[in-house]
Amino acid sequence: MKLFTEKIDTGISVKRKENTDVQKLHCSKCGKDIIADIVHANDSICPYCGALFRQPAYKRIEMIVDSGSFIEIEREAESKDPLSFPGYKTKIANEKTKSKLQEGVVIGKATIKGVRTALAVMDSYFMMGSMGTVVGEKIVIITEFATLNRLPLIIFCASGGARMQEGILSLLQMSRTTIALAQHGEQQLLHVNVLTHPTTGGVTASFAMQGDITIAEPGALIGFAGPRVIQQTVKDELPEGFQTAEYLYEHGLIDRIVDRRGLRDTLADVLALHVRPETQNVKTLIKEKVDDVFKRS
Amino acid sequence: MRTVLIASRGEIAVRIIRTCKKLGLKTVAVYSENDQTCMHTRLADEAVCIGPRQAEKSYLNIESIIAAARAYRADLIHPGVGFLSESAAFRLACEEEGIKFVGPDADAMRMLGDKQSAREIMIENGFPVVPGSTGAVDSLKTALNVAKTVGFPLMIKAAKGGGGKGIRIVRNAAELEQEFPMVCREAELAFGDKSVYMEAYLADARHIEVQVLADEHGNTRHFGTRECSLQRKNQKLLEEAPAVNVDEAVLQDIQNTAVKIAQCVNYKNAGTVEFLLAQDNKFYFMEMNTRIQVEHPVTESIYGMDLIKAQIQVAMGHHLTIPQEEIAARGHSIECRINAENVKENFRPSPGIIKAMNLPGGNGVRIDTGYAAGDEISPFYDSMIMKLICTGDDRQEAIALSMAALDELYIDGVSHNTEFAKAMLADNDFAAGRVHTKWIEKVFLNRWEKP
């Protein structure tokens, strides 16, 4: 019995290769090259071995905040070339297309399990999350926004440090962000830092270390100068696990190391404990807790 | 049309890969971290890991699967059974990416996926449904009113329900008052939607379904009936084609109704219309499954065709021009689902590694499985090890062949239900076709002697 008369077009004469313009990421732990979209759909965790990849800012936000609650501000802010640094303009343009971002940090407000918060998420896929004038300015804006609106502030740090192409103007951002955060703190408002891989340089030396509570992702590299620079300076062997989140935790610089998939719950708990929620939020909070209990039982 | 991505796992993924190979199509399998060495991963031309073992993060992860399809330039995606096979969102995501989805369009999926809306569409179009509520039953008062017109016993069902969850049978007003809020809450917890509907409970009814196939040009054909009454907790255990012990005129009527239903919702590709056949030979629409079904091989066996191939051809836009009269069945076919479960301990799943396995074979015996000796049956996914499909010239032959094949079947390492299947096949009620959807639970389990 022949149901169809047409022939199936198999096209087997054409040798088809894998799509070459698909972006792939290399896993340093298991050595596999994995399609970037699959890695990021899997919370930027290697689906083969569980190693953590750097997470794009919007993916991070999607994972942390209540669905649909994020309102971004200053999305369009973009870097100029104040020092006419050679090749800087082209580099920025390239980074924009590659990362689909305007700059290395995304800021805005959102709710986490019903509690309102201000949020800054750095994205290391844009020039290694380096801090130039725009990144600094955006951190200052969101901090002042939080102060003005009496909101807690959560900053996800991921940075290679100050952006050398903007020279001293980048370094200036260290003091600007510090002052803004001090004003936020003076108002008895909560500032939580989440340090992700890598948090280094001028960012570590300024706002990344000023949180009331400092959380880190497992295995994240956190330090001021890189291990190689230090090794060459002190001319001595560095201890094992030097500058990893775990090492810093043991030495008291970090309050807790939290798995990426547990961050939403941890942050929600921290917020719920520190912030006086508005009445409506209390209701949502209680409802979620009740639902949690149901799910567990 | 060259590359097919199979967005499923287990025996159905293997089944689809085999047909693709036969047709000369390149195959891409997707797998979760846990399934790296599974048969479907081994057999496909390419395999992509799409996430961790939790299905929500891998086999239900639309984003990952679409990314894999994009990377391997899949022209078609076959969703298989379960997972995303009935997800309108997945279907739309494929469309957006320019990939052909092997299945009906999103509208039909949405319409038929919600049982209550499907029921209402059938009522509107004059198809028979089990007497019951029209519109959502949102309060106990409405529920009691429905009970007044329909009478007891009644079934309360979750609108978004499935898999035997969110269903209660009530025999009087007191029970209704007690159970109604509980079903609503169960529905909300399990399916995220507390709407329920109500139907009369038909005693000793049978589950008869019709395989339909429709192309994208308005041609709809049916491929006869299947009897799926042997169920435990709404899970099918044994299916056969064609349906047994049904009046020829009624059978014709059921088949024609199924085709009309498919046409009415503008259905495309393969689908199954499920009916309840009551003792008085009246039949009622139950639901329509918008995908290939686990038990499709019994239909293939008696019609001598390949439904997966037909699905792919429909997706490629081919014309189903063969007249209905020329679609003829021959013989009788029975499928036994062999599950890794401990029958003695209330059918508790029994995951583990298959240490050794001997499969029956020969004329008329077909085995669809996703496992070989040495493979692990994972506790994270369903526990079916294989389907044994035996086809003979008549039902008696098919039963005898099934029993003989089950005798030859040997599986070591996990508990399985082979002996239970044999006992069902040997039962007099089964031989006479005197079974119904509650037969296993109400009749057979009581007299079945546990080995």
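We did not get these values from a lab; they are worked out from the coordinates using the rules stated. As the structure is a computational prediction, the values presented were derived from the model and not from experiment. Cβ atoms come from the backbone with ideal geometry, glycine included; neighbour counts cover every protein chain shown.
A few points about this structure:
- Each eigenvalue of the Cα gyration tensor of the protein assembly as shown, multiplied by 5 and square-rooted, gives one semi-axis; in descending order these are 56, 30, 25 Å.
- Mean separation of Cα contacts under 8 Å (6+ apart) over length of region A:84-158, as relative contact order %: 31 percent
- J(HN,Hα) series, region B:387-399, from Karplus relation 6.51 cos²θ - 1.76 cosθ + 1.60, nearest Hz, glycine and proline x: 10, 9, 10, 10, 10, x, 5, 9, 5, 4, 5, 4, 5
- Legend: translational diffusion of region B:282-420 by Stokes-Einstein, Rh = Kirkwood radius over C-alpha pairs, 10 °C, 1.306 mPa s; D = 93 µm²/s.
- Shape category assigned to region B:384-451 from the gyration tensor of Cα positions, a/c cut at 1.5: oblate
- Over 28 Å (Cα to Cα) - which of B:K160/B:K268; B:K160/B:K344; B:K165/B:K344; A:K7/B:K115; A:K2/B:K160 fall in this group: B:K160/B:K344; A:K7/B:K115; A:K2/B:K160
- Phi-based couplings in Hz for region B:112-125 (Karplus 6.51, -1.76, 1.60; Gly and Pro marked x): 8, x, 8, 4, 6, 5, 4, 4, 5, 4, 5, 4, 4, 9
- Once the mean of 1/r is taken over each pair of separate Cα atoms and inverted, chain A shows a Kirkwood hydrodynamic radius of 21.0 Å.
- With bins 20 Å wide beginning at 0, the percent of Cα pairs of chain B falling in each bin runs 24, 60, 16, 0.
- Rg/Rh (Cα only; Kirkwood hydrodynamic radius) as it applies to region B:206-447: 0.97
- Theoretical gain in end-to-end length, B:R348 to B:A174 [0.36 nm per residue, Cα-Cα removed]: 59.3 nm
- Candidate aspartates and glutamates - alpha carbon under 13 Å from B:K194, same-chain residues fewer than 8 apart omitted: B:D114, B:D138, B:E186
- Rounded to the nearest whole Hz, the Karplus-based 3J(HN,Hα) values (6.51 cos²θ - 1.76 cosθ + 1.60, θ = phi - 60°) of region B:400-411 follow the sequence 4, 5, 4, 4, 5, 5, 5, 4, 6, 5, 9, 10, with x at glycine and proline.
- Summed side-chain charge close to A:Y249 - residues other than A:Y249 whose Cβ falls under 10 Å, Lys, Arg +1, Asp, Glu -1: -2
- Model label sites at A:S69 and A:D269, defined 7 Å from Cα along the beta-carbon direction, differ in position by 1.8 nm.
- For region A:103-174, the ratio of Cα radius of gyration to the globular rule of thumb 2.2 N^0.38 Å stands at 1.13.
- A compact globular protein would have a Cα radius of gyration near 2.2 N^0.38 Å; the ratio found for region B:3-102 is 0.93.
- Here the relative contact order of chain B, from alpha carbon pairs under 8 Å that lie six or more residues apart, stands at 14 percent.
- B:A136-A:Q188 pseudo-label distance in nm [points 7 Å out on the Cα-to-Cβ vector]: 4.5 nm
- Value of relative contact order over chain A, rounded to a whole percent, pairs C-alpha under 8 Å and six or more apart: 13 percent
- Simple spin-label estimate for A:I230 and B:N358 in nanometres, 7 Å along Cα-Cβ: 6.5 nm
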